[in-house]
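Worksheet for the structure shown next.
The values are calculated or read from the model by the stated rules, or taken from the named source; none is laboratory data. Keep in mind the model is a prediction, meaning the values are calculated, not measured. Using ideal geometry, Cβ is built from the backbone for each residue, glycine included, and neighbour counts are taken over all protein chains shown. Ligands, DNA and RNA are excluded from the accessible area calculation, which covers all protein heavy atoms including side chains. Shrake-Rupley method; radii C 1.70, N 1.55, O 1.52, S 1.80 Å.
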Amino acid sequence: MADAIYRDTWADINLDAIAYNVEQIKQKLPQHSNVMAVVKADAYGHGGVEVARKALEAGASMLAVALLEEALLLRNANIKAPILVFGRVSPKDTPIAAEQDITLTFFQKDWIREVKDLTLTHPLKLHMKWDTGMGRVGIRTADELKEIVDELYGVQRISLTGIYTHFATADEPDLSYFEVQKTRFEQLLHVFNTIWKESVIIHVGNSAASIRFPENMYHYIRFGIAMYGLYPSEIVKREREIDLKPAFSLNSQLIHVKKIASGESVSYGATHVASKDEWIGTIPIGYADGWIRKLQGIDVLIDGKRMPVVGRICMDQTMIKMDGEYPIGTKVTLIGKQENEEIEIDEIAAHLETINYEIPCMITNRVPRLHKEK
Ligand SMILES: Cc1ncc(COP(=O)(O)O)c(C=O)c1O
């Protein structure tokens, strides 16, 4: 992205909200549980480096990402905290991780074999992933566990520093499958403790699990969506076990204002036809910014009031039906607050029939993120 910002559309990222949310969960956790800030996917679209720094300042002591590239971006920004990569990194790339002190996830015996054959100039730290029911990646049985641990014994320059699993339904009203996963984890842990004597860190909980069961989170929680001030699901939001502040807002400005007469139309396909005289405002955001066409009809805020998006959303521009004439340059809030009105990310997610996680991620990096703190 260019250094200077010329466009009239931007996302404000409230870093104080990130700190607030980390502090809220820390207050709920017992002393022995720490916070791993999940900053993958550019911190869920909030800006990886800035969020990582703020989360660490607020008391997180480890970071997590999905890709080696994302970890390297943090290291290049001189962030020295421990970083865990959740995704599978190809064995051939492990020397880079070792050199940069980036912890990797593994779950395959053959992966360890391949890494053993490489010359590592630095120690490689590893966390082992157990699939207790998520069905994504991880070892699943006690036999697999024993085989993979056998592979690890006595290997120079590789150290097993952690084990973890991930819950599929910790955010749902029915927690029976969550209990199944918990039991499977405990059974595997029992086997592990009989064959591995060195200490490892254990982590199992995402935002939902850690908000609902803070007492049972072992050494770390993996704090993602709630760190951004969003509740993992409706039920967790309703339970209100934690107070969260959203960090992401999306703003633009009117770049054109006009009155159209009854019978005139707006945008491609002429899908919106004025039934009487209407004031139409144009804002410079469109589907190339992740403000996708399915958002036609949603409200935005102008002058503290809700006004609808009308006509098809274009690649770079969107039109609003306004309740009157407003000057060019008037602020338009697509996500966030104006006076007493608020458009929450959850409202956008509901309109798109998806989850709130997807919304800040889908706003492309063509929209500059402006990081603010007191
Ligand atoms: C392995 C793992 N742990 C933790 C998280 C964070 O989850 P959440 O954002 O629900 O807190 C994720 C995110 O998808 C994940 O993949």
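The mean accessible area for residues of the chain, using a 1.4 Å probe and ignoring ligands and nucleic acids, is 46 Å² per residue. Only protein heavy atoms count here; under a 1.4 Å probe, LEU68 has an accessible surface of about 20 Å².
In a simple Cβ point-charge model (Lys, Arg +1; Asp, Glu -1; nothing else charged), the stretch 225-320 has a dipole of about 120 debye relative to its Cα centre.
Order 279-290, 319-330 from most to least packed using the mean count of other Cβ atoms within 10 Å.
Highest to lowest by the protection proxy: 279-290, 319-330.
For the chain, the Kirkwood hydrodynamic radius from C-alpha pairs, put into Stokes-Einstein at 4 °C and a viscosity of 1.567 mPa s, yields a diffusion coefficient of 57 µm² per second. The Rg/Rh ratio for the stretch 221-263 is 1.36, where Rg is the radius of gyration of the alpha carbons and Rh is the Kirkwood radius.
By accessible area, using a 1.4 Å probe on protein heavy atoms only, the stretch 15-228 has 49% of its surface on carbon and sulfur. In the chain, helices alone account for a calculated mean residue ellipticity at 222 nm of -8000 deg cm²/dmol, with every DSSP H run of four or more residues adding -39,500 (n - 2.57). Over what distance in Å are the Cα centres of the stretch 138-155 and the stretch 322-374 separated? Measuring centre to centre over Cα atoms gives 47 Å. The Kirkwood radius of the stretch 185-231, taken over pairs of alpha-carbon atoms, gives through the Stokes-Einstein law at 10 °C and 1.306 mPa s a diffusion coefficient of 133 µm² s⁻¹.
The charge dipole of the chain, taken about its Cα centre with unit charges on the Cβ of Lys, Arg, Asp and Glu (plus for the first two, minus for the last two), comes to roughly 460 debye. Near ALA37, once Lys and Arg are set to +1 and Asp and Glu to -1 for all other residues with Cβ below 11 Å from its Cβ, the sum equals +3. Which one of HIS190, THR318, VAL180 is farthest out on the positive end of the charge dipole of the chain, using unit charges on Cβ (Lys, Arg +1; Asp, Glu -1) and the Cα centre as origin? Sorting the options by dipole projection puts first HIS190.
For the chain, DSSP calls about 50 percent of its internal beta bridges antiparallel. Counting Lys and Arg as +1 and Asp and Glu as -1 over every other residue whose Cβ lies under 14 Å from the Cβ of ILE195, the net charge comes to -4. Using a 10 angstrom cutoff on alpha carbons, build the Gaussian network for the chain and name the most mobile of VAL200, VAL49, VAL300. Looking only at VAL200, VAL49, VAL300, the largest GNM fluctuation is found for VAL200.
Go through ASN21, ALA77, VAL115 and say which Cα lies farthest out towards the positive end of the charge dipole of the stretch 1-135; charges sit on Cβ, +1 for Lys and Arg, -1 for Asp and Glu. Farthest towards the positive pole: VAL115.
Sort the following peptides by mean Cβ neighbour count (other Cβ atoms within 10 Å, averaged over residues), highest first: 221-233, 155-167.
Numbers: 221-233: 24.7, 155-167: 19.1.
Ranked by mean Cβ neighbours within 10 Å, highest first: 221-233, 155-167.
Of all the options ASN193, ASN356, ASN34, the one that moves most in a Gaussian network model of the chain with Cα springs shorter than 10 angstrom is ASN193.
The dipole here belongs to the stretch 15-228: it is taken about the Cα centre, uses +1 on the Cβ of Lys and Arg and -1 on the Cβ of Asp and Glu, and is about 260 debye. For the chain, the residue among ALA98, ALA52, MET307 whose Cα projects farthest onto the positive side of the dipole built from Cβ charges is ALA98.
The listed peptides 205-216, 132-143, ordered by packing as a protection proxy, come out as 205-216, 132-143 (highest mean of other Cβ atoms within 10 Å first). The orientation-averaged projection of the convex hull spanning the C-alpha atoms of the stretch 15-228 amounts to 11.2 square nanometres.
For the chain, a Gaussian network of Cα nodes joined below 10 Å ranks ARG293, ARG75, ARG238 by mean-square fluctuation, and the top entry is ARG238. You can think of it this way: the chain between LEU352 and ASP243 has 36.7 nm of extra reach, that is 0.36 nm per residue less the Cα-Cα gap.
Each part reduced to its alpha carbon centroid, the stretch 193-213 and the stretch 1-78 end up 22 Å apart. Summarising the label geometry, the points placed 7 Å from Cα in the beta-carbon direction at ARG140 and TYR153 lie 2.6 nm from one another.
Residues whose amide H falls under 5 Å from that of THR330, counting only those 5 or more places apart or on a different chain, are LEU254, with hydrogens built in the peptide plane.
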